[in-house]
1. Using amide H atoms built in the peptide plane, which far-off residues or other-chain residues are under 5 Å from Lys284 H to H?
2. Under the classification rounded if a/c is under 1.5, otherwise prolate if a/b is larger than b/c and oblate if not, where does segment 304-404 fall, given a ≥ b ≥ c as square roots of the Cα gyration tensor eigenvalues?
3. State which stretch of the chain is the longest one without any exposed GluC sites (Glu not before Pro), exposure meaning a DSSP loop state and at most 16 other Cβ atoms within 10 Å.
4. Can you compute the FRET efficiency between Phe107 and Lys313 using 1/(1 + (r/R0)^6), with r the Cβ-Cβ distance and R0 = 30 Å? Round to the nearest 0.05.
5. If we count trypsin sites (Lys or Arg not before Pro) as exposed when they sit in a DSSP loop and have at most 15 other beta carbons within 10 Å, what is the longest stretch of the chain that avoids them all?
6. Excluding same-chain residues fewer than 8 positions from Lys172, which aspartates and glutamates have a Cα within less than 19 Å of its Cα?
7. For the residue pair His212 and Ser381, what label-to-label distance in nm results when each label sits 7 Å from Cα along the Cα-to-beta-carbon direction?
8. Arrange Phe107, Phe437, Phe432, Phe349 by Cβ neighbour counts within 10 Å, fewest through most, would you?
Amino acid sequence: MDIGKIKKSIIVIGIASFISFYCVYASDIKKADCAGKFYPNNPKRLSSMIESELKQAEKFALGERIYALIGPHAAYQCSAGVAASGFKQLEKEKIDTVILLGPSHHFGFNGIALASWDSFDAVLGQFEVDLKLKSKLVQNLNFVQENDSAFNNEHCLEVQLPFLKTVLGNVKILPVLTGDLNTPQIKELASLLKDIVLRNNILVIASSDLSHYHDYQRCNSIDRNTLSIITSLDVDKLHKGVIDKTVQLCGYASVAVVMEMAKQLNLRSKVLEYSNSGETCSNKKQVVGYSSIAFFYDSNSKEANMLEVFQKKRLLDITRKTLGEFLKTGSLIALDDTDPALLAEKGAFVTLRKNGKLRGCIGNIYPKGALNKTVQGMVVSAATQDPRFSPVEESELGQIEIEISVLSVPKRVNSADDIVLGKHGVIVEKGFNKGVFLPQVAEETGWNKDEFLGYLCEHKAGLKKDAWKDPSVKLFIFEAVVFSERDYDND
């Protein structure tokens with residue numbers, strides 16, 4: 001037996017096995033095809049470039065929960081500044097997965113394409129593909145295909161990844177390339193994404209540049225029209241504009257999906273930044289337009305602070321069913337709301353009355369989560385944790401009336417002169433002593449302002465009766481949308 005030959009055979013087999021394992025493993029990672037072409041392939045240089053652009057984009061920060069973005073996909077030297085204005089919005093977001101939508105530039109197909117790779121390289125690190133979410137799209141849409149060829153050398157999604165890695169770190173992604181999509185397919189995909197986004201910490205990014213290769217003036221004119229239509233969320237008008245060429249963008253289907261999703265969610269849209277290659281790359285004869293657009297639920301808008309009747313009824317339904325289930329089984333009912341108004345972070349109080357008399361009242365003054373879950377938690381707390389009352393019994397359910405107060409964010413005022421009784425709820429605060437009255441307290445008691453504030457200080461905050469006159473005592477006011485089951489008894 002030739003021991004030397006056996007050793008050589010073992011070494012050869014070992015190397016072959018390693019190569020085989022490496023190739024199988026490597027095949028699960030999509031390499032960065034466009035590094036060194038569309039953006040730097042040196043990690044240090046790339047990171048420095050992105051950080052610099054994000055710092056300059058601080059002026060664009062909205063401070064709102066972002067559900068979707070539209071951003072450019074050109075070479076960084078031309079479009080990174082515009083892209084940064086969008087990615088800047090994500091620095092404080094809690095996001096688990098980013099769905100990336102973009103057009104296939106080199107491969108034609110119908111529907112949408114997904115890739116087989118488990119991970120995507122981004123020079124600054126790798127992204128794991130959200131396989132569970134990928135499966136959901138495959139199961140729910142009949143126009144999905146797996147097509148790796150469409151992803152090879154495709155830059156529209158890849159250029160988003162270094163920015164994502166910088167602002168969000170180790171989130172998962174689901175890259176989706178759009179081919180030819182008809183209007184029903186666009187609406188079907190948008191509807192599916194709407195449900196996915198609202199029930200999870202998921203963001204959608206559509207990748208698209210605007211008009212291509214016109215002179216500087218013509219580019220600006222076309223792009224202004226395109227951006228106006230995009231922010232109007234009118235998908236039919238966008239489609240018509242593409243046909244008659246008054247609208248020009250390379251990622252039409254991806255943008256249309258985001259617009260339709262935003263429309264179904266009643267989101268607001270805002271153009272964060274617009275520029276073109278004539279301004280960023282110095283050639284004004286053949287110009288490409290770029291823009292970043294955010295889609296968000298504006299919690300400070302007048303519309304956001306108003307609730308429609310059906311939304312009020314839904315919140316009352318949640319609290320009534322929750323109270324009944326909790327008193328019977330000790331469990332909470334499952335919530336599957338998709339309405340942004342019910343998922344917005346807002347403070348709220350739930351008040352219980354039995355035969356017209358107070359039976360419990362507890363709430364969150366400041367936002368601590370989605371409104372629907374807040375009222376669900378508060379109705380249980382009002383029934384079981386208000387120290388002024390014994391816990392509500394199941395036998396009392398038929399006599400209990402539920403009232404909900406949805407609050408605006410409190411703001412500090414300089415003096416009691418700024419308080420309007422019946423309109424404002426009031427918080428009085430000194431050190432660790434704090435008390436709060438809802439706006440309706442003034443109407444229910446008939447107190448004047450001195451009586452209202454005196455009782456608040458003495459009996460709610462544990463301060464002297466006239467402490468509200470002390471400049472060191474802080475006064476905050478808020479407004480409330482108040483509604484109860486008796487408002488809809490005859491519906």
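1. Hits under the 5 Å cutoff: none.
2. prolate
3. Looking at the chain, 94-302 is the longest stretch - no exposed GluC sites (Glu not before Pro) with at most 16 other Cβ atoms within 10 Å.
4. The pair Phe107/Lys313 has a calculated efficiency of 0.05.
5. Between the exposed loop sites, the longest stretch runs 95-244.
6. The qualifying aspartates and glutamates are Asp28, Glu91, Glu93, Asp96, Asp118, Asp121, Glu128, Asp130, Glu146, Asp148, Glu158, Asp195.
7. Result for the modelled spin labels: 5.5 nm.
8. Phe432, Phe107, Phe437, Phe349
Values in this text are rule-based calculations from the coordinates and carry no lab data. All values derive from a computational prediction rather than experimental measurement. Heads up, the Cβs are rebuilt from the backbone with ideal geometry, glycines too, and the neighbour counts pull from every protein chain shown.
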